[in-house]
Amino acid sequence: MEFNNVRLIGPANIYFDGGCTSRTFYDTEGRRKTLGFICKGEYLFSSSAAEVVEIIGGLYEIKLPGESEYTAYGPGGIVNIPAGIEFNVRTDTYVDYVCDYI
């Protein structure tokens with residue numbers, strides 16, 4: 001995956017004592033995205049905007065509100081996350097991802 005002619009924002013976004021990090025950038029159309037990495041563990045995230053998460057590497061397991069089981073996504077997987085929710089994420093390895101905010 002390659003991104004050209006982007007505007008990168010620093011510093012890094014660091015969550016959960018370094019367990020999750022991301023970098024915010026804007027593509028050529030002005031859309032906000034993040035390129036991130038999640039270390040092995042379990043995390044509770046919240047979304048302020050709707051997100052489309054594409055898994056680049058590793059194993060991403062997510063449980064959205066109202067779901068009783070985690071759903072797993074590997075490389076190439078696409079996850080749609082609604083705005084204004086809290087959701088659980090876990091991984092036994094790592095997750096390398098890109099997030100598009102809509």
- prompt: Considering only residues of region 1-48 that are within 15 Å of VAL98 (Cβ to Cβ) and in contact with a Gly (Cβ under 9 Å, 6 or more places away or on another chain), which is surrounded by the most Cβ atoms within 10 Å (Cβ to Cβ)?
  reply: ILE38
- prompt: Just a yes or no: is a residue in region 65-77 within 16 Å of ASP96 (Cβ to Cβ), buried (at least 16 other Cβ atoms within 10 Å of the Cβ) and either modelled with pLDDT of 95 or more or over 13 Å from the mean Cα position of the chain (by Cα) (or both)?
  reply: yes
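The values are calculated or read from the model by the stated rules, or taken from the named source; none is laboratory data. Please read these numbers as outputs of a predicted model, since none were measured by experiment. For neighbour counting, all protein chains shown are included, and Cβ atoms are generated from backbone atoms with ideal geometry for every residue, glycine included.
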